[in-house]
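Notes follow once the structure below has been shown.
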Amino acid sequence: MPGVDGLIAYQLAGRSTIVQLGGVFAQPGDQGLLLGAFLDFAHVAKRKIVSVQLMRQDAELYATYGFTVNQFGADYSRALSAFNLKGKKYMQLRNKVSRARRAGVSVTEIDNVGRVDLAGALDEIDQVWLRSKGRHAKELKVMTGQRAGSAQSRRRLFVGHDESGAVLGYVSFSPVFGAESGWLHDLSRRRPDAPPGVLELIVVTAVETFQAEGAGHLHFGFTPFTNLSPEHEVAGASRVTARILRFLAVHGSAIYPAADQLAYKEKWGLDLVQSEYIAFQGRISLRRVWGLLRVTSAI
């Protein structure tokens, strides 16, 4: 929008839907202007918007513009200033890290040149990982991390090797800006035959690096269907949608393994949990839901 320094990230879905990710990125005073222009754009294109991964402030803004907004899950992170693995709480985590070290695993941060050299090995890990999810499994898009694209040079890549130098697994971290700046635990993969604790050792090594650099937070990202509660809903939330999402939180493991993902995040001692929301322009629409699922390759 002319005169507004900001952006809205979106993707067209089907013939009538726009899937938008992450709210309006602009100064608070300009967010309403940019959102209004985006709604005009959707109207001219004869499409309706479904927005995902909105933070609380975004959710309240979208509600004032006629969106039906519901809590969709939560974002998890922890401060790095006092992070360590001391105490009974982290006993299992320490044991996993120790097992990986005893198995001869070492961790290295890979620069942009090294990534080219390791591309084949990393691609193989991705392929093996995807096959382990089932014959018809597809890699999720848009709402998950990636190991390619124009932003790759801004990410940090830590790789675990065995004593022969073979790649056992990796974790990619993306930069996080704003009030809780730091790094996002973005994408993690390991070989099925890798020793226990490989990913944990990679993360611990990365955390020590980030701490030495003075980073503020380690973010573990969004997990849908978690931390759902009526107290987190915004005004005008759909009761029907809220009931469906809470049902999926209990019985939706076949759709998304939220419980397993949350268990992995919680063992790192989370100290910041922020609700995230999904917003439908106007009323809830199965067509918009279908468009979201198609764009993210969830179906």
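The values are calculated or read from the model by the stated rules, or taken from the named source; none is laboratory data. Just so we're clear, the structure is a prediction, and the values are computed from it rather than from any experiment. Positions of Cβ are generated from backbone atoms using ideal geometry, with glycine treated the same way; all protein chains shown enter the neighbour counts.
At-a-glance table
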{"read-out": "Entirely in segment 163-260, the strands (runs of 3 or more DSSP E) that have 3 or more residues that are out of contact with any Pro (no Cβ under 8 Å at 6 or more places or on another chain) and charged (D, E, K, R)", "value": "182-190"}
{"read-out": "Segment 257-282 residues that are on the phi > 0 side of the Ramachandran plot, paired with ones that are assigned to a strand (DSSP E or B) and not hydrophobic (A, V, I, L, M, F, W, C) (beta carbon under 8 Å, 6 or more apart)", "value": "269/78; 282/48; 282/68"}
{"read-out": "Test: residue in segment 75-90 that is among the hydroxyl-bearing types (Ser, Thr, Tyr) and farther than 30 Å from residue 208 by Cα", "value": "no"}
{"read-out": "Of the criteria (1) closer than 30 Å to residue 230 by Cβ; (2) touching a strand residue (DSSP E or B) at 6+ places or on another chain (Cβ under 7 Å), which one residue 64 fails", "value": "(2)"}
{"read-out": "Cross-chain or 6+ apart pairs with Cβ under 6 Å, segment 1-18 first and under 23 Å from residue 289 (Cα atoms), then at pLDDT below 90", "value": "11/295; 13/291; 13/294; 13/295; 14/291; 17/288; 17/291"}
{"read-out": "Failed criterion for residue 25 (all others in (1) under 22 Å from residue 236 (Cβ atoms); (2) out of contact with any helix residue (DSSP H, G or I) (no Cβ under 6 Å at 6 or more places or on another chain); (3) of a type in the set (A, V, I, L, M, F, W, C) hold)", "value": "(1)"}
{"read-out": "Qualifying residue in segment 132-144 (condition: modelled with pLDDT under 75, assigned to a helix (DSSP H, G or I) and within 24 Å of the chain's Cα centre (by Cα))", "value": "yes"}
{"read-out": "Failed item in (1) of a type outside the set (Lys, Arg); (2) closer than 22 Å to residue 153 by Cα; (3) not in a helix (DSSP H, G or I), with residue 123 passing the rest", "value": "(3)"}
{"read-out": "Residue list for segment 33-58, filter: farther than 21 Å from residue 1 by Cα and surrounded by 19 or more Cβ atoms within 10 Å (Cβ to Cβ)", "value": "52, 53"}
{"read-out": "Number of positions in segment 2-18 that are over 16 Å from the mean Cα position of the chain (by Cα) and assigned to a strand (DSSP E or B)", "value": "9"}
{"read-out": "Selection status of residue 89, farther than 30 Å from residue 243 by Cα, touching a residue at least 40 places away in the same chain (Cβ under 8 Å) and buried (at least 16 other Cβ atoms within 10 Å of the Cβ)", "value": "no"}
{"read-out": "Search result, residues across segment 265-296 that are assigned to a helix (DSSP H, G or I) and either at pLDDT below 90 or assigned by TED's automatic domain parsing to the domain that holds residue 54 (or both)", "value": "286, 287, 288, 289, 290, 291, 292, 293, 294, 295"}
